[in-house]
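Let me begin by presenting the structure, written as structure tokens, before commenting on it.
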Amino acid sequence: MNVDILGLEAFLAIAEQGRFHKAARELHITQTALSRRLQNFEDQLGVKLVERTTRSVALTPLGASFQPQARRMLAELTDTLVGIRETGLAQRGNVVIACVPTVGVRYLPEIIREYADRHPSNRIRILDHASSGVVDAVLRREAEFGITLAGLRHPELEDRPLLTDRFVLICREDHPLAGRRRLRWRQLEPHPLVFVGAGSGNRPLLDSALAAAAPRLRSDYEVQRSSTAVGLAAAGVAAAIVPSLAVQPGTHPELRVIQLFDPVVSRQLVLVRRRGGELSPAARALFDLVVRRS
């Protein structure tokens, strides 16, 4: 049964004011409208709650027993609605977002810190997935929005450009290439490399961008996560090709970052959300902060 809020209000106003004209004035409606609301409410319940004569208004026994329950119901509903409104205005609540791992390493931390300062009571859950996993998480409503690689378009999602992230070479300070600031891709051919595997969203992007230059790279080590590549390079296993966001300043002081060109290869990161979907107030606050930082 649908709850007739207007009828409930009309009944309580009549019960508490004891006169139709006073109840109508309290609700800022006409007596005719008040009578109609009460009649509809009684018809919905199938019982008589109020007895009205030309001189007086009285509650039926059932109406009298229902009055305290009705008052409690209306008070609880009002408190709930006020709570929802205040939550929306204060942008309180929990947020779940999805992102590719490198975004969680370099890009998001400062944004999350600022968000936490503004909304200290909010809880944030970050799902760090491969690029396809970010899209799936948003589609399945496991995350309210995500940050992933451009190109993985889906008709149910809308995206907006966020930032461009260039691929670089990283190697330990004792590596033969450590003294170089810039290198052509072909200059990497003699050296063993840590390269992303086929399961990474970065691999098809690199393969496509390097197809024309066709360098014969020695991908002696393949990984799925850039963080693994950084660890191998820091240990001196081999130099590694990673997005620049994968290298967190100060974390591995022994590593050197070298720019690669001919060609310059970059990836575009985008902010994705469900098309036509409504973000929760807490998620909207974080979403807008990400947009302002882009």
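Applying the condition of being surrounded by fewer than 17 Cβ atoms within 10 Å (Cβ to Cβ), in a strand (DSSP E or B) and among the charged types (D, E, K, R) to segment 72-129 and asking which residue is modelled with the highest pLDDT yields ARG125. Residues in segment 237-275 that are of a type in the set (Gly, Ala, Ser), more than 11 Å from VAL194 (Cα to Cα) and touching a residue at least 12 places away in the same chain (Cβ under 8 Å): SER244, ALA246, SER266.
ALA143 meets the stated requirement of being free of Cβ contacts under 8 Å to residues at least 60 places away in the same chain and surrounded by 16 or more Cβ atoms within 10 Å (Cβ to Cβ).
Consider segment 130-140 and keep the residues that are more than 13 Å from the chain's Cα centre (by Cα) and surrounded by fewer than 20 Cβ atoms within 10 Å (Cβ to Cβ). The one that is farthest from THR251 (Cα to Cα) is ASP136. All conditions but one from (1) in contact with a strand residue (DSSP E or B) (Cβ under 8 Å, 6 or more places away or on another chain); (2) over 30 Å from LEU279 (Cα atoms); (3) in contact (Cβ under 8 Å) with a residue 40 or more places away in the chain apply to LEU157; the one that does not is (2). If I filter segment 146-154 for residues that are surrounded by fewer than 20 Cβ atoms within 10 Å (Cβ to Cβ) and modelled with pLDDT of 95 or more, do I get at least one hit? Within segment 146-154, none of the residues are surrounded by fewer than 20 Cβ atoms within 10 Å (Cβ to Cβ) and modelled with pLDDT of 95 or more.
Scanning for something over 25 Å from GLY276 (Cα atoms) and not acidic (Asp, Glu), does segment 136-153 turn up at least one residue?
Checking segment 136-153: not a single residue is over 25 Å from GLY276 (Cα atoms) and not acidic (Asp, Glu).
In the condition set (1) within 18 Å of VAL3 (Cβ to Cβ); (2) modelled with pLDDT of 85 or more, THR32 is compliant with all but (1). Within segment 155-176, the residues that satisfy the criterion of being closer than 30 Å to GLU189 by Cα and surrounded by fewer than 16 Cβ atoms within 10 Å (Cβ to Cβ) are THR164, ARG166, GLU173, ASP174, PRO176. Taken over segment 137-157, the criterion of being part of a strand (DSSP E or B) and within 23 Å of ASN94 (Cβ to Cβ) is satisfied by PHE145, GLY146, ILE147, THR148, LEU157.
Being within 18 Å of ASP262 (Cβ to Cβ) and among the aromatic types (Phe, Trp, Tyr) narrows it down to one residue among PHE167, PHE145; which is it? Spell out the reasoning first.
On the way: PHE145 fails: within 18 Å of ASP262 (Cβ to Cβ).
Only one candidate qualifies: PHE167.
Of the residues making up segment 253-267, none is closer than 30 Å to VAL96 by Cα, crowded, with 19+ Cβ neighbours inside 10 Å and β-branched (Val, Ile, Thr).
Answer yes or no: is there a residue in segment 270-287 that is closer than 23 Å to CYS99 by Cβ, aromatic (Phe, Trp, Tyr) and buried (at least 20 other Cβ atoms within 10 Å of the Cβ). There is no residue in segment 270-287 that is closer than 23 Å to CYS99 by Cβ, aromatic (Phe, Trp, Tyr) and buried (at least 20 other Cβ atoms within 10 Å of the Cβ).
The values are calculated or read from the model by the stated rules, or taken from the named source; none is laboratory data. Please read all numbers here as calculations on a predicted model, not as lab measurements. All Cβ positions, glycine included, derive from the backbone under ideal geometry; neighbour counts span all protein chains shown.
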